[in-house]
Amino acid sequence: MSQRNLEPLDVASIREEFPILQREFDGQQVVYLDNAATTQTPDPVVDAMSDYYRESNANIHRGIHHLSQEASRLYEEAHDRVAEFIGADGREEVIFTKNTTEGENLVAYAWGLNELGPGDRVVLTEMEHHASLVTWQQIAKQTGADIEYIRVDADGRLDMDHARDLIDDDTAIVSAVHVSNTLGTVNPVSELTDLAHEHDALSFIDGAQAVPNRPVDVAAIDADFYAFSGHKMAGPTGIGVLYGKQDLLEEMEPYLYGGGMIRKVTFEDSTWGDLPWKFEPGTPQIAEAVGLDAAIDWLEEIGMDRIESHEQELARYAYEQLAAEGDVEIYGPEPGPERGGLVSFNLEGVHAHDLTSILNDHTIAVRAGDHCTQPLHDKLGVAASTRASFYVYNTREEIDKLVAALDDARQLFA
Amino acid sequence: MGLGSDMYRQQILDHYKNPRNYGQLEDPTFTHIGENPMCGDEIRMDVELENDEETIERVAFSGDGCAISQAAASMLSTELRGKTLEELQAMDRDDIIDMLGVDISPMRVKCAVLAEKVAQDGAAIYQGDLDVEKTTTED
């Protein structure tokens, strides 16, 4: 295995590839700290998509003409690129969806609805995103299965003793976030997957906040399913990935039907095409697949180890600067390898929405609300929090601006 | 400065920090509650009518949430005195924004109109025109 390259990023030249970061509102340059919601898109990714439309655009599959062959090749090769990036065995295990949420729904409907019944248990975590929580909640209601939630402890980590209690022989699937979009916690997803497998259950890992900023190897995790979104990793919106182990995907019935996913159709019945096309009916997101392919090239050129280390360093800096303020409450684990590149917090005496509006006066883009984790916020005892989340192009100076702007809120609300 | 800074003019902050008519009435003609689930804003409005059963004599509000939702509730509680239920029902979001006297950024409008919606729904329930337990404003 090659040595981890942890050389600091050349943020100045990275920023040159993001014209949007130069935008000003009211004469102030944007400070973009809303990366857990969506990341900005570098020029090479935008160029790859516009080149595709200018030069290669056609519908894919079974086209006999040159352009269709080229578009088909680009679309199919994007699957190979993703497979290589996340350690999957091949394109058969990589299904393009529109986002992480669709990946959750695909498994919930195609597998859950058929396999679950009364007495079966679905184990989630208290820090699940609504993408998984709401989806499994509905599938459980329809099938009569039970849902249990692995507790989050006071430090914002999963209570693994509780996980060992909950995951039993009745458990059919364990679905967990790899990195929490609210607490920043990096969960022990390998251990959770092992626990699931010890009881013949499957594991579904939501990697929406993990794949963008750390090396991820689905084979090393041994996850049965793993989902993520293109737009949180310097890629375009409208494309996500569901990884699934080939034998499982082969057994599963399709979730959406239509053209492009069939082998043979008569007026009476149809048979399904090969993986992954069986799960990609209709004209798919071809330009977005090309964009995702380019985003992976772009990220790998920088190096996922370096990106992880850059984000950890920014998260540490933000955590320490905010914690030093004394009137700031921060949620989630202390900085370190168990925290991803985001910090959710509240300023004493100021509602998160008011604070975020005031930060917007300084053209600082952060997010306020429940971050699609309402039950977790209920548990934290707050209605909302403000979240600053970082990516490759962010700097310490931007965090300094955020911390300095808190004074405005203090003065207004004093 | 942008919309946001205008949003926190002195009048709004004053109503937020020193809310008028905060609390609950001893003998309200009707009471209603509402929430803005995304923000966690919650408002309870108590309204007491005069003997004509249509003129608002007294209003009190309670709850918590962001400055915009709470200041709007405080201002509305003052504004509604002497108005009829018909006049209350005729109010819309523009009236609330005029009352606040500031530009409200699009995402915060639902905070601003929460108290108005709660008062209107409360009145509609009292008059038998509506049947809901709680008002919610969604985005």
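Every read-out reported here was derived from the displayed coordinates using simple, explicitly stated rules and does not represent laboratory data. This is a predicted model, so every value here is computed, not measured. No Cβ is skipped: glycine too gets one built from the backbone with ideal geometry, and neighbour counts run over all protein chains shown.
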Review point. Reported to two decimal places, what Rg/Rh ratio describes region A:1-127 when computed on Cα atoms with Rh from the Kirkwood expression?
Key: 1.07
**Study point:** Counted charge near A:Gly238, where neighbours are those whose Cβ lies closer than 11 Å (Asp, Glu -1; Lys, Arg +1)
**Key:** -1
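Of all DSSP beta bridges in the protein assembly as shown, what percent run antiparallel (nearest 5)? Numbers along the way, then the final one.
On the way: 44 of 66 bridges.
Rounded to the nearest five, the antiparallel share is 65 percent.
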Review point. Which distance in nm do the two modelled labels at B:Asn18 and B:Glu54 give, with both placed 7 Å along the Cα-to-Cβ direction?
Key: 3.6
Check your understanding: What is the pair-distance distribution P(r) of region A:199-340, computed from all Cα-Cα distances in 10 Å bins starting at 0, with each bin given as a whole percent?
Key -> 10, 28, 30, 19, 9, 4, 1, 0
Review point. Relative to the longest principal Cα axis of chain A, at what angle does helix A:189-198 sit, 0 to 90 degrees, rounded to 10?
Key: 40
Point to revise | Net charge, B:Asp92 excluded, C-beta distance under 13 Å - Lys, Arg +1, Asp, Glu -1 | key: -3
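For A:His351, A:His66, which order do you get if you count the other beta carbons within 10 Å of each Cβ and list the fewest first? All intermediate terms of the calculation are to be shown ahead of the outcome.
Working: A:His351 29, A:His66 10.
Fewest-to-most ranking of A:His351, A:His66: A:His66, A:His351.
Counting only other chains, what is the mean number of Cβ atoms within 10 angstrom of the Cβ of each residue in peptide B:36-43? Intermediate results must be reported in sequence, preceding the final value.
Numbers: counts 2, 3, 7, 9, 11, 4, 1, 0.
Mean partner shielding for this stretch: 5.
Region A:327-369: D in µm²/s via Stokes-Einstein (Kirkwood Rh, Cα pairs, 25 °C, 0.890 mPa s)? Please report the intermediate quantities before stating the final value.
Numbers: Rh = 11.5 Å.
For the chosen part, D equals 213 µm²/s.
Of the beta bridges DSSP finds with both residues in chain B, what % are antiparallel, to the nearest 5? Numbers along the way, then the final one.
On the way: 16 of 19 bridges.
Taking every DSSP beta bridge within chain B, about 85 percent pair in antiparallel fashion.
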Check your understanding: When Rg is the radius of gyration of the Cα atoms in region B:70-139 and Rh is its Kirkwood radius, what does Rg/Rh come to?
Key -> 0.96
Check your understanding: With no solvent and one point per C-alpha, what does the Debye sum give as log10 I(q)/I(0) for region B:3-133 at q = 0.10, 0.13 Å⁻¹?
Key -> -0.28, -0.47
Check your understanding: On a 0 to 90 degree scale, rounded to 10, what angle separates helix A:130-143 from the longest Cα axis of chain A?
Key -> 40
**Study point:** chain A: Cα Rg divided by the 2.2 N^0.38 Å rule of thumb
**Key:** 1.01
Point to revise | Diffusion constant of region A:203-244 at 4 °C, which comes from Stokes-Einstein with the Kirkwood Cα-pair radius and 1.567 mPa s, µm²/s | key: 125
Check your understanding: Roughly how tilted is helix B:114-126, in degrees to the nearest 10 and between 0 and 90, from the longest Cα axis of chain B?
Key -> 10
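How large is the convex hull of the Cα atoms of region A:334-414 per residue, expressed in Å³ as a whole number? Before the final figure, lay out the partial values.
On the way: hull volume 8.7 nm³, N = 81.
Looking at region A:334-414, the number lands at 108 Å³ per residue.
Go through A:122-128, A:12-18, B:103-109 and give me the packing order, highest mean Cβ count within 10 Å leading. Each step should come with its number before you reach the end.
Details: A:122-128: 25.9, A:12-18: 15.0, B:103-109: 16.6.
Per-residue mean Cβ counts within 10 Å order the peptides as A:122-128, B:103-109, A:12-18.
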**Study point:** Estimated distance in nm for a label pair at B:Glu133 and A:Asp43, the labels positioned 7 Å out from Cα along Cα-to-Cβ
**Key:** 5.8
Point to revise | Calculated SAXS-style log₁₀ I(q)/I(0) at q = 0.10, 0.12, 0.22 Å⁻¹ - region A:278-414, Debye, Cα scatterers | key: -0.43, -0.58, -1.30
Review point. Of the chymotrypsin sites (Phe, Trp or Tyr not before Pro) in region A:251-359, which ones lie in a loop per DSSP and count no more than 14 other C-beta atoms within 10 Å?
Key: A:Tyr257, A:Phe267
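Taking the beta-carbon count within 10 Å as an exposure proxy, list A:Glu311, B:Glu57 from fewest neighbours to most.
Numbers: A:Glu311 25, B:Glu57 15.
Arranged by neighbour count, lowest to highest, A:Glu311, B:Glu57 become B:Glu57, A:Glu311.
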Review point. In peptide B:61-70, what is the residue-averaged number of other protein chain Cβ atoms found within 10 Å of each Cβ?
Key: 4
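Need the full-extension length gain, A:Ala220 to A:Gln411, defined as separation in residues times 0.36 nm minus the C-alpha distance. One decimal, nm.
On the way: separation 191, 0.36 × 191 = 68.76 nm, distance 5.05 nm.
That pair, A:Ala220 and A:Gln411, stretches by 63.7 nm at full extension.
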